[in-house]
Amino acid sequence: MTDLLLYVNDTQQTYEIIVWAVGILLIIALLILMFWQRRVGRELQEEVRQLAGERSRDVEYDFVLKAIGLSVWHIDTATGQVTFDKDFRAKRELMGTDGGSVSENASLLVPEDAQRVQKNLQNICAGITEAYHEQYRIVSSDPSKFYWEESYAIVAERDISGRPTRVIGTTQPIDDRKSLETALKTALTKAEESDRLKSAFIANMSHEIRTPLNAIIGFTSVLPDIDGKEERQELINLIQENNQKLLRIIDDVMNISKIEAGKEQLQMTAFDINMILDELVAKYQPKVKEDVILTTQYASAEGQQVTTDLSRLMESLGHLLSNAAKFTDHGSITVGYDPVTNHRLRLWVRDTGKGIAPENTERVFERFFKVDEFVPGAGLGLSICRVMAFSMGGNVGVESTLGEGSTFWMEIPV
């Protein structure tokens, strides 16, 4: 009995030991499981954060590309295919052929640019060059228009031999930049022209003003020493003549400045053009040379009533007559007009003078330009005619044959 009780006790202790051992193992297993779960949880959280970060970077990347209207593309050098990864250019017609070849995409360009761009893309794909940068024009749906783009590219991947396998590039429309460049070039040209005109103005005006001033000062200084009445009168006449030259130069400059500044408004007046031409002939008759006949030619003997700025018209015709008188030594000077057509009147001054060489027929209307430097004048008369004609909504021109004469015309709305 005693042995039985000892056996039972030993069995019970062994069972308790086994139970404790199993419990400890379970606890250890649970701890290991908890540790492993926490580790897996942290790895999952890290992956989630990485995915969220990559998604955030993709959103930021797309946002930047869209903000600057950029496209990203790749070229597989083995197949020559162009793939557009991202494309945020505004003009959808410029997207290019996704999956198309380099030549297919180059066919969208203006022919003058297509060959150059295609060749440079082929060079970078072949490893001849390390980078690519081009500005080119793309034909739009309207054949008369085109769009400007700028592209950059570099080699993104190479094989073990160093040959390019993938090229990555970007493209961006630059129409606004090109428009700005054009505007800046135009402004620069105008500034240079203005500077040139300023220099020409100073050079010419200093000479033209100095000439009558020197005469006025010189004749005035010797006038008190002249006793003869006829000699004194002759000097006085010369002083007055140079005074008039000086005033004409100043008036011419002031007239151009006022008209171009828009400070002189048109003063519309109705008048008979025949009477105006008669007045001009009478005024300029004493200024033509002895061997020159100054006449008029009317389109209508009964007269022609027109309405325009009379003051500007007379001043313009006066400059044309004065110009003809300077360069005509013999023959005739005729001032006339053609019948009014479509409410436009063409007046003209025809002379048998020296004529103008073909290369100078356009330049004669430029400021300070003189065909003959030995003929007196500041070179402003014809430019004033053009400015006044433009201010009245008209135009001026010349038809001339060297050695035979010229016909200056002025056409204005009436």
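The values are calculated or read from the model by the stated rules, or taken from the named source; none is laboratory data. Only a predicted model underlies this, so the values are computations on that prediction, with no experimental measurement involved. All Cβ positions, glycine included, derive from the backbone under ideal geometry; neighbour counts span all protein chains shown. Please note that ligands, DNA and RNA were not included when accessible areas were found on the heavy atoms of the full protein model with its side chains. Shrake-Rupley method; radii C 1.70, N 1.55, O 1.52, S 1.80 Å.
One line per residue, one yes/no per condition, for (1) under 14 Å from SER400 (Cβ atoms); (2) over 35 Å from the mean Cα position of the chain (by Cα); (3) of a type outside the set (Val, Ile, Thr); (4) open to solvent by 10 Å² or more (accessible area, probe 1.4 Å):
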position: SER322; (1), (2), (3), (4): no, yes, yes, yes
position: THR334; (1), (2), (3), (4): no, yes, no, yes
position: TYR337; (1), (2), (3), (4): no, yes, yes, no
position: HIS343; (1), (2), (3), (4): no, no, yes, yes
position: ARG346; (1), (2), (3), (4): no, no, yes, yes
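Which one of these is closer than 27 Å to GLU315 by Cα and either surrounded by fewer than 12 Cβ atoms within 10 Å (Cβ to Cβ) or out of contact with any Pro (no Cβ under 6 Å at 6 or more places or on another chain) (or both): ARG210, ARG232? Residue meeting the stated conditions: ARG210. Taken over the stretch 380-402, the criterion of being within 19 Å of GLY355 (Cβ to Cβ) and either without any contact (Cβ under 8 Å) to a residue 40 or more places away in the chain or in contact with a Lys or Arg (Cβ under 7 Å, 6 or more places away or on another chain) (or both) is satisfied by VAL396, GLY397, GLU399.
Does any residue of the stretch 97-110 turn out to be among the acidic types (Asp, Glu) and either modelled with pLDDT under 70 or open to solvent by less than 60 Å² (accessible area, probe 1.4 Å) (or both)? Yes - at least one qualifying residue is present in the stretch 97-110. Remark: pairs (first residue in the stretch 329-346, more than 28 Å from LYS287 (Cα to Cα); second residue of a type in the set (D, E, K, R); Cβ separation under 8 Å; 6+ apart in sequence or on different chains) = ARG344/GLU411. In the stretch 130-144, the qualifying residues are those that are loosely packed, with under 15 Cβ neighbours inside 10 Å and hydroxyl-bearing (Ser, Thr, Tyr), and the one that is farthest from the chain's Cα centre (by Cα) is SER141. Would a scan of the stretch 166-176 turn up a residue that is in a strand (DSSP E or B) and loosely packed, with under 15 Cβ neighbours inside 10 Å? Within the stretch 166-176, not a single residue is in a strand (DSSP E or B) and loosely packed, with under 15 Cβ neighbours inside 10 Å. Any residue at all in the stretch 109-125 that's more than 18 Å from VAL72 (Cα to Cα), in a loop (DSSP other than H, G, I, E, B) and within 25 Å of the chain's Cα centre (by Cα)? So far as the stretch 109-125 goes, yes, one or more of its residues are more than 18 Å from VAL72 (Cα to Cα), in a loop (DSSP other than H, G, I, E, B) and within 25 Å of the chain's Cα centre (by Cα).
Can you say whether ILE160 is part of a loop (DSSP other than H, G, I, E, B) and either over 18 Å from the mean Cα position of the chain (by Cα) or of a type in the set (D, E, K, R) (or both), as far as the supplied structure shows? Give the steps one after another, and end with the answer.
On the way: part of a loop (DSSP other than H, G, I, E, B): yes; either over 18 Å from the mean Cα position of the chain (by Cα) or of a type in the set (D, E, K, R) (or both): yes.
When the stated conditions are applied, ILE160 passes them.
As a summary of the residue check, SER311 satisfies the conditions (1) of a type in the set (Gly, Ala, Ser); (2) closer than 19 Å to GLU411 by Cβ; (3) open to solvent by 70 Å² or more (accessible area, probe 1.4 Å); (4) without any contact (Cβ under 8 Å) to a residue 40 or more places away in the chain except for the one numbered (4).
Applying the criterion of being farther than 15 Å from GLY100 by Cα and open to solvent by 60 Å² or more (accessible area, probe 1.4 Å) to the residues of the stretch 66-87, the residue that is modelled with the lowest pLDDT is ALA67.
When the stretch 145-156 is filtered for residues that are over 19 Å from SER101 (Cβ atoms) and open to solvent by less than 90 Å² (accessible area, probe 1.4 Å), the ones remaining, listed by number, are TYR147, TRP148, GLU150.
Within the stretch 273-289, residues that are surrounded by fewer than 19 Cβ atoms within 10 Å (Cβ to Cβ) reach partners that are acidic (Asp, Glu) with beta carbons closer than 8 Å, at six or more positions or on different chains, in the pairs LYS289/ASP329.
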